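Comments concern the structure below.
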Amino acid sequence: MAAAYDAARMRMVRNHLSARGLHDARVLAAMAQVPRERFVDPGMEEFAYEDSPLPIGEGQTISQPYIVALMLEAAEIAPGDRVLEVGTGSGYAAALMSRLARKVHTIERHASLAQQARARFAQLEYDNIDVHTGDGSRGLPAAAPFDAILVAAGAPAPPQSLQSQLAIGGRLVIPVGDEGSVQELLKIRRTGEDSFEQENLGAVMFVPLIGEQGWAEDGRRAA
Ligand code: SAM
């Protein structure tokens with residue numbers, strides 16, 4: 001069975017990632033290494049290497065592999081980097097980040113998902129990931145600054161707190177747009193103390209970022 005998953009993973013990298021223009025060798029190697037079948041719910045393993053999101057409980061999803069790889073490529077993660085992910089979900093993207101960076105912090109608002117992700121990292125012996133429970137729209141000031149921040153949920157606007165927790169030269173990759181509609185995937189690079197450059201990487205669709213600097217539970221923009 002493990003060999004079948006390995007072969008399916010290689011096919012995913014070839015057909016859904018390389019063939020669609022993703023080319024960062026370190027990102028592709030991480031995607032070829034991390035077993036996505038270990039991050040989906042029991043019974044969903046056979047769908048692990050389709051290029052689609054899958055349900056993971058709490059009304060949330062593990063993201064589509066192509067979009068995860070696109071975000072990782074945009075984040076330009078180097079081996080010595082300290083990085084933050086907002087929206088741990090299944091833990092899959094944080095696992096990939098852990099293969100690319102020195103230290104990963106990931107924060108999830110649902111304690112049950114955070115706990116499952118922690119257990120998966122322990123089983124796979126990915127020991128450079130700290131999982132936090134809480135509102136990641138505020139970032140993680142105690143562990144800042146970060147060389148890269150990936151946000152796996154759609155925000156009404158790029159949170160000030162996340163931008164201010166970037167190191168100079170750091171990259172924030174975040175979906176931004178109205179709730180319930182297609183978002184734009186933005187890459188924001190901090191070029192100086194108060195200066196940022198922004199690039200639009202195209203349309204994506206993520207679940208909402210719920211929190212102080214995201215959306216309120218009822219879908220309104222948080223105050
Ligand atoms: N990166 C995940 C993976 O690889 O499975 C997929 C994440 S899922 C698309 C988005 C996640 O963001 C959900 O688990 C959701 O609970 C979480 N989330 C939403 N708002 C959040 C917030 N303010 N702080 C932390 N997590 C949040």
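The values are calculated or read from the model by the stated rules, or taken from the named source; none is laboratory data. Note that the coordinates shown come from a computational prediction; the quantities given were computed from them, not determined experimentally. For neighbour counting, all protein chains shown are included, and Cβ atoms are generated from backbone atoms with ideal geometry for every residue, glycine included. Protein only, heavy atoms only, side chains kept; ligands, DNA and RNA dropped before computing areas. Shrake-Rupley method; radii C 1.70, N 1.55, O 1.52, S 1.80 Å.
For this structure, a couple of remarks:
- Pairs linking a residue in region 63-74 that is in a loop (DSSP other than H, G, I, E, B) to a residue that is open to solvent by 10 Å² or more (accessible area, probe 1.4 Å), with Cβ atoms under 7 Å and 6 or more positions apart or on different chains, are SER63/PRO53; SER63/ALA93; SER63/ALA152; GLN64/ASP51; GLN64/SER52; GLN64/PRO53.
- Remark: ASN200 falls outside the filter, which requires a residue to be over 19 Å from MET71 (Cα atoms) and free of Cβ contacts under 8 Å to residues at least 40 places away in the same chain.
- Where a residue in region 148-160 is under 13 Å from ALA75 (Cα atoms) and its partner, wherever it lies, is assigned to a strand (DSSP E or B), with Cβ under 6 Å and at least six apart: ALA148/VAL83; ALA148/ARG171; ILE149/LEU84; ILE149/LEU172; LEU150/GLU85; LEU150/VAL173; VAL151/VAL86; VAL151/ILE174
- Check on LEU113, part of a helix (DSSP H, G or I) and either within 12 Å of the ligand (Cβ to nearest atom) or among the hydrophobic types (A, V, I, L, M, F, W, C) (or both): yes
- When region 195-223 is limited to residues that are among the aromatic types (Phe, Trp, Tyr) and within 13 Å of the ligand (Cβ to nearest atom), the one that is nearest to LEU185 (Cα to Cα) turns out to be PHE206.
- For region 75-116, residues that are of a type outside the set (Asp, Glu), closer than 13 Å to GLU58 by Cβ and surrounded by 24 or more Cβ atoms within 10 Å (Cβ to Cβ) total 4.
- Residues that are under 21 Å from GLU76 (Cβ atoms) and assigned to a loop (DSSP other than H, G, I, E, B) were ranked within region 169-216; the one that is farthest from the chain's Cα centre (by Cα) is GLU193.
- Members of region 118-129 that are touching a residue at least 40 places away in the same chain (Cβ under 8 Å) and either within 13 Å of the ligand (Cβ to nearest atom) or open to solvent by less than 10 Å² (accessible area, probe 1.4 Å) (or both): ARG120
- Residue check for LEU54: crowded, with 20+ Cβ neighbours inside 10 Å and either under 28 Å from GLY202 (Cβ atoms) or near the ligand (Cβ under 9 Å from one of its atoms) (or both): no
- Lone qualifier among ILE174, ILE129, ILE149 - being in contact with a Phe, Trp or Tyr (Cβ under 9 Å, 6 or more places away or on another chain), among the β-branched types (Val, Ile, Thr) and at pLDDT 95 or above: ILE129
- Residues in region 172-186 that are open to solvent by 20 Å² or more (accessible area, probe 1.4 Å), of a type outside the set (S, T, N, Q) and farther than 15 Å from GLY211 by Cβ: 4 in all.
- Residues satisfying the stated conditions in region 59-71, i.e. within 22 Å of ARG109 (Cβ to Cβ) and surrounded by 14 or more Cβ atoms within 10 Å (Cβ to Cβ): GLN60, THR61, ILE62, SER63, GLN64, ILE67, VAL68, MET71
- Checking GLY21, GLY43 one by one, the residue that is farther than 22 Å from GLN116 by Cα, of a type outside the set (A, V, I, L, M), open to solvent by 10 Å² or more (accessible area, probe 1.4 Å) and more than 15 Å from the ligand (Cβ to nearest atom) is GLY21 and no other.
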